[in-house]
Structures are given as structure tokens and as C-alpha cells.
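The values are calculated or read from the model by the stated rules, or taken from the named source; none is laboratory data. What you see is a predicted model; the values in this text were computed from it and never measured. No Cβ is skipped: glycine too gets one built from the backbone with ideal geometry, and neighbour counts run over all protein chains shown. Side chains are part of the model used for accessible areas, which takes the heavy atoms of the whole protein and leaves out ligands, DNA and RNA. Shrake-Rupley method; radii C 1.70, N 1.55, O 1.52, S 1.80 Å.
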Amino acid sequence: MSASDTMIEIAGVTKRYGETAVVDDVSLSVPRGAIAVIVGTSGSGKSTLVRMINRLVPMTGGKISVGGRDIMSLPATELRRGIGYAIQGHGLFPHRTVAANIATVPQLLGWDRTRIERRVDELLALFNLDPAAFRGKYPHELSGGQQQRVGVARALAAGPEVLLMDEPFGALDPVIRGKAQDDLIAIQKQFGTTVILVTHDMDEAFHLGDRIAVMSEGRLLQYATPEKILAEPADPFVQQLTGTAGRALKLMSLSPLKEGMEPPRPDLAYGLAQNVSLRDALSEMIWRGIEEAAVEDGDKAQIGSISMRRLLQLGRRP
Amino acid sequence: MEPPVTQDERATRAVDRLGIVLCAAGAAAVALTPFVIVKANRIAAGKPMPLAALAGQPAALALIVMLVVTGLAALFSRSARARLVVATLTLGLLILAIGLVSAAVTPPGSTAARVTPGGAFWVLLAVLGLLASDALVKLRLTPWMRVAALAFYGALLAVFLLSGTLDSLSIMKEFATRADQFRNEAVGHLLLAFGSVAIAILLALPLGILCFWVPKLRAAVLQTLSLIQTIPSLALFGLLMLPLSYLAAHVPLAASLGIRGIGTAPALIALVLYSLLPIVANTVVGLQGVDPTLRDAATGMGLTRRQVLTRIDLPLAFPVILTGIRVVLVQAIGLVTVAALIGGSGFGIFIFQGLGQTAMDLVLLGAVPTVLLAFSSAVVLDAVIDSIRGSSP
């Protein structure tokens, strides 16, 4: 990987409070446009690591670069204005309207009013919040899911290349959380933002992460793709965190049907969309009691086929 | 299943509980205490006249009728609006009646004779005031409607004062002989009260912020200020006299600024000292009440420390800080009266002159405006606090 493809470079970073190291010599790099999820139990140092990237926590040792620039080379406030930051429980300012909340960083950067207004409306629409209805509302008038969306919109307001998220979906119920995760993936793809997200929820890590970093007691145990974390856990703790129960299904949930399909075959009565996961395809076929199904694209045209035998093969340990 | 309602419960529900208490108090006062006291001169023992004995006067008769109506409304009416209207009308009539009755019972041609309101008048004033304010509370007025209500009652009082209706009353006779001094003392009272609070805000706000930022400082500062708060006001005035007169005697600049052991300087300093604790304490509590994740989010987005303070912390802590300022302002308006003892200006001058001369009417001339001022300030600041809280809870 060339240097220009690396957005965030963390090299030998350590944070000590007195004698205890909360983050102990951690190195990892996040490619431009990727979502890296840092997962670990509470007290693993995952939040501290992320908060060192925007210098909310000063490092004891090591070096961090964002976009090829050492984070210590510019003033902390200037660095932070260039990095999106979203936290658990949204952190919206209760005395400011939705529009004023989203406008926080653009205002600090001295954007003119019409540009700020245009950007606020654009973001609200992007997050499925009608600008005319939501602009003037106060955070307490929103539902939990809406507050969370405004929180992410605020973090993205000035179009940062990097977005740091500290347990952003922690306060949401499971249904809204799944929706929020899908929204994040869609918006991240659209903007090409590089995301570092902290969570204690392994399922969330598998759902969102292009890469997963597993931390425990301040040390980075493994940093790899979700498939690799599942198939080759580097440490008993990583295996314990991912769990051995259902790991075949977890692995299958990571790839879309299109990646495992076989050539098209005639006379298949039932069709599955190409973008459902292998796991969902398996579930659907068990439910309907069919041995083979067609794989269809968005226009319902057959582009391949999938059989039960093939699916079971794909779920095997790589 | 609905629990069975007994006859007794129905009866108590039909009759308003507050109404029972207020009616009992009003009725007892009218029966047992005089409505006015007529004295040959301002310090002589007076002749008490109960309301019943004055029933020959049209105004007193009308008042008695209205009091009965009000009593019935207080006991049985469920409409806050109706109770408010009746209580306000009767309140106006009470003040009108005391003016007309005192004019009527004053011996003709006598300038020395004094007619003072008696116990019945004061109790009725309190009862009707409580009835009206209870109705106002039940109407759930918006904060600014409450200020408007206060302005209405103030205007009502001003009409009575300016029309000369109350001129025969002893307290107004005391006022008539001291109109100029009254104006000066009123200005002095306001300047001392509001000035000391303004200075206290300027000192206490930064001190409170500092105490919040530096926890080690917090306990020391708050304990020192609590200690000051426990010193009786008279003792504090006395304690300040010594260093200030020393300063005046040895530092010419201090003397030329008007700093002396007695007078405005020690009064102002003492009032400022008393005002510090509530504002500092409420600033600390208010800032502590701000959700720390907001500070984290703000800092993480690149607000400077000063921006976090002025844009996040202070606006969110403001209602709590304002509550402290409200406490301090009401306290200062009351305490200024004591400052008169060491030569400060204010309504306290009349209170202490009146006490010295055993002229209770003169005491009232100092006490009544002080109470009205403190009450109005509290209502206005409460409205401000509620309107801020209401807009962003």
C-alpha cells in the first residue's frame, strides 16, 4: 500500500496515566475511504486511542498522521475542525436548533451564511430529515434515531476527510441501530470519508468494518479483515470475542450472494437478489425448502444461480 | 372499580381548602382587630375602629358586601378566572375604602390627627393578595403575562396614590412631609441594591468559573464565602468601619473618592460580600449540571476553551446562575434597609427614624416600599428564568 493511500497512520502510540498504560504501543493504518472498527471491552483503551487522533487525549509516545500530516504539526483546534467527531448519545447542544447544531464547524471555519444554510439543508435531506420541518427544531423535539442522524450530519458538516465515531449507535434500540448502520455505510460510500468507529459490539464491527482492530488492556491484538479475524483469530481473546458459535453463519454474512454464485441455469422457480448476503440466502432457501435458486440483478434478470450444496461449501472454514 | 365516595368527601371537594383557611383568617381579623386606628397625633395611643363600626360609611359597607362575595367565591367557585376578577375588584375596593374611611374619620381641621390602617386591613390585604396570586398561578400564565399582571397591579396602586384617594392615610401624611427625601432615599436604595448586585455579578461569575475549573480552589472559596454569610449584617457593617476609616484617614485618594468608615462605602462592600456566595455557588452548580459529553463534543469539533465556555457552558448554566442572582437581589433589597444604621441611604432611614420616634407610620413608609420592591424584583426575575427554561429545557 503506497503512502498516499493511507489516510490515518498510527505508529507506536502509547498513553500512560502514571505507571499504567491505557494504550500500549499501538500501530495501525487505515486506507483512504475505508471503515476501520476498533472493538474491545470497556477499559480496553479503544476510546482513548481514537481520542488521541483528534488530540482530545494527549499521547505519551508515538506518532499519528492524518492525511500524511503529523497531527502535532498544527494547532489542536484547527486539527479538530478538519476531523468529524460523533459520540454516543449524539452530544447535540440542547439550547441550539438542529440547523445551528449542524452549522457548528462551518461557523468556526467562517463560512458565509448562504453557504452554511445550503449545506445544512443538503445534509438534512441526505439523512431523510425534511429541512423545512427539522431546521428550526430543538434536539429534545427529535426521536432518538433522529438525534443520532443529526449528530452524524453535524460531524460531516464541513466535509471532513476523516470521521471519528465513539460508540455512535450505543444509545439506539436494535431496529433503529441496524438502519443507522446501513445509512452510515451508504453515506460513507457517497462521500468517500475515512471512518474510524469504536464499539464493544462485535456484530456491529462485522457489519460495518472493512477492517477490524481488536483491543484488550491497551494492546492491539489483531488488525485484519473481518474474514481473517473469523478464520484466523490471532489470540484466544479474539476468538472469545467473535465467539465460535455460529461462526460459519457470521462468515457467510460478510459476502454478498453475487460473489459466490455459479453460472445461470434454466428452469429455476425462485430468485434471490444478488446483494443479499450468503447467510440470508441460506436462511431463505431453508425456509422455502428449495435446493436451488436463481440470482437476479436489480431488474430481476437472472445473472447466476446458487445451490444449497454450494452455499454449504462457502460456509466452510477458509 | 370506582371507590365509593362518601358524603364527607363530596363536601370537602366542593369547598376549596385554601378558601377555608383564607376565609377563616379574613373573618377572624375583621371580627377581632380594628380596620383603622384614629390617633390624636402621630405618637399618641389610638382609638381602634373595627370594620363593623364603620358600616355607616358607604365605602365600608360596599367593602363588607364585596368581602362576603369574595368569601363565597373563594369557598365555592372552581373558576380561577372568576376568583381572580373578584379578588382583584375587592383588593381595589379595600384600598379605596381605607382612603375614603380615613378621610371621613379624620377630625375636620386637624393636621396633627393620624388615621393608621389596623390589623384587619393588613390581614385582608394579605388574604386578597394570596387569593389573587393563587388564581394567577392556577391560570398558568406565560412568564411575560405574569410580568404584565404585576404591571397591572402596580398601575392600580399608582392610580390610587396619584389620585389623592389615600392622602388622608397616616403613611401618606408622613410621605407628604418628606416627599423630596423619599425620592432621594428611593434612588439611594435602588442604587445600593442593584449596584451591589451588579458588582457582585462581575466578581462572582469569574470566581465561580474558576472554582469550577480548579476543584482544589472550590472548597476553600465556598467555605470562606459561607463564613461571611454567617456574620450578622450589623456586625459586618461594624467590622468594615474600622479598616475603611483607617483608609480614609491615611490614603488621600480614598478619602477623595468618598470612602469613609460610615456611609455608602461600607454598606456597598458588605452588600457585595453577602451577594458573592449565592452567585458563586450557583455558577459552580450550574456549570456542573452541564452534560460533560456536550463539552467533549464541542471540544472535539474544534471549539476553543473560551468558545466552549461562552457558547456551551454559560448559556446552559444561565438559568441556574440567574436563580442565584434572584436570591441575591431580593436579599440585597432587604439588607439595604439595615445599611441606614451606618449612614447608608435607602428606605431603612425611615424605618430607624420611625423606631426612634415610636412613629409606626414612618416605619411603614420605609417598610412598605421595600417589600413591594423586593416582591416585584422576584416576580420579574422568576419570569426571566422561566422564559429561558421554557425555550430550551
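Computed FRET efficiency, Cβ-Cβ of residue B:159 and residue B:179, R0 25 Å: what is it to the nearest 0.05? Don't skip to the answer; put the middle values down first.
Numbers: r = 18 Å, r/R0 = 0.73.
FRET efficiency, residue B:159 to residue B:179: 0.85.
Provide the gained length on full extension for the span residue A:109 to residue A:269, in nm with one decimal, where the gain is 0.36 nm per separating residue minus the Cα-Cα distance. Don't jump to the answer; show the numbers that get you there.
Working: separation 160, 0.36 × 160 = 57.60 nm, distance 5.82 nm.
In short, 51.8 nm is gained.
Considering only protein heavy atoms and a 1.4 Å probe, what is the carbon-and-sulfur percentage of the accessible area of segment B:266-357? It would help to have the intermediate numbers written out before the result.
Numbers: 1980 of 2980 Å².
Ligands and nucleic acids excluded, carbon and sulfur give 67 percent.
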Restricting to the protein assembly as shown, compute how many DSSP beta bridges are antiparallel as a %, nearest 5. 60 percent
Using only the Cα atoms of chain B, each taken as one equal point scatterer with no solvent, compute I(q) by the Debye sum, divide by I(0), and report log10 of the ratio at q = 0.08 Å⁻¹. -0.59
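Kindly compute the accessible surface that chains B and A hide from a 1.4 Å probe when together, both sides summed, and give it to the nearest 100 Å².
Values: alone 20140 and 15670 Å², together 34070 Å².
Chains B and A together bury approximately 1700 Å².
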Given the candidates A:145, A:254, A:53, the one whose Cα lies deepest towards the positive end of the charge dipole of chain A, counting +1 at each Lys or Arg C-beta and -1 at each Asp or Glu C-beta, is A:53
Could you compute Rg(Cα) / (2.2 N^0.38 Å) for the protein assembly as shown, with N its residue count? 1.42
Range of Cα positions in segment B:161-224 per principal axis (Å), largest first: 61, 19, 16
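With loop defined by DSSP as not H, G, I, E or B, and exposure as at most 16 other Cβ atoms within 10 Å, which is the longest segment of chain A clear of exposed trypsin sites (Lys or Arg not before Pro)? Present the calculation step by step, with values, prior to reporting the outcome.
Working: sites that count: A:32, A:137, A:300, A:316.
Between the exposed loop sites, the longest stretch runs A:138-299.
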For segment B:379-387, what does the Karplus curve 6.51 cos²θ - 1.76 cosθ + 1.60, with θ = phi - 60°, yield as ³J(HN,Hα) per residue in whole Hz, taken in order and with x for Gly and Pro? 4, 5, 5, 4, 5, 4, 4, 5, 5
Largest first, please: the extent of the C-alpha atoms of segment A:130-174 along each principal axis, to the nearest Å. 29, 28, 14
Quote the Stokes-Einstein diffusion coefficient, in whole µm² s⁻¹, for segment B:198-347, based on the Kirkwood radius over alpha carbon pairs, a temperature of 20 °C and a viscosity of 1.002 mPa s. 126 µm²/s
Cα radius of gyration and Dmax for segment A:173-214 (Å): 10.4, 27
At q = 0.14 Å⁻¹, what is the log10 ratio I(q)/I(0) for segment A:202-318, with the Debye formula run over Cα points and no solvent? -0.62
Using θ = phi - 60° and the Karplus relation 6.51 cos²θ - 1.76 cosθ + 1.60, list the HN-Hα couplings for segment A:157-166 in order, rounded to whole Hz, with x at every Gly or Pro. 4, 8, x, x, 7, 10, 10, 9, 10, 9
Could you name every residue in segment B:264-306 that has 10 Å² or more less accessible surface in the full protein assembly than in its own chain alone (probe 1.4 Å, ligands and nucleic acids excluded)? B:293, B:294, B:296, B:297, B:299, B:300, B:301, B:302, B:303, B:304
For segment B:345-361, 3J(HN,Hα) per residue [Karplus equation, 6.51 cos²θ - 1.76 cosθ + 1.60, θ = phi - 60°, Hz, x = Gly/Pro]: 8, x, 4, x, 3, 5, 4, 6, 4, x, 5, x, 9, 6, 9, 5, 5
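About the Cα centre of chain B, how large is the charge dipole given +1 on each Lys and Arg Cβ and -1 on each Asp and Glu Cβ? Please answer in debye to the nearest 20. Write out the running numbers ahead of the final one.
Values: 25 positive and 15 negative charges, 49 e Å.
The dipole of chain B has a size of about 240 debye.
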Run the reach check for residue B:216 against lysines, Cα to Cα strictly under 17 Å, same-chain hits fewer than 8 apart removed. What comes back? none
On average, how much accessible surface per residue is there in chain A, in Å², for a 1.4 Å probe, leaving out ligands, DNA and RNA? 47 Å²
Taking the Cα centre of segment A:142-251 as the origin, how large is its charge dipole in debye, to the nearest 20, when only Lys and Arg (+1) and Asp and Glu (-1) carry charge on their Cβ atoms? 180 debye
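Please compute, over every Cα-Cα pair in segment A:105-262, the percentage with a separation greater than 19 angstrom.
Details: 7652 of 12403 pairs.
Within segment A:105-262, distances greater than 19 Å cover 62 percent of Cα pairs.
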Can you give the convex hull volume of the alpha carbon atoms of segment A:1-91 per residue, in Å³? 117 Å³
Give the percent of DSSP beta bridges with both residues in chain A that are antiparallel, rounded to the nearest 5. 55 percent
What accessible area per residue, rounded to a whole number of Å², is obtained for segment B:58-151 using a probe radius of 1.4 Å? 46 Å²
Convex hull of Cα atoms in chain A, direction-averaged projection (nm²): 19.1 nm²
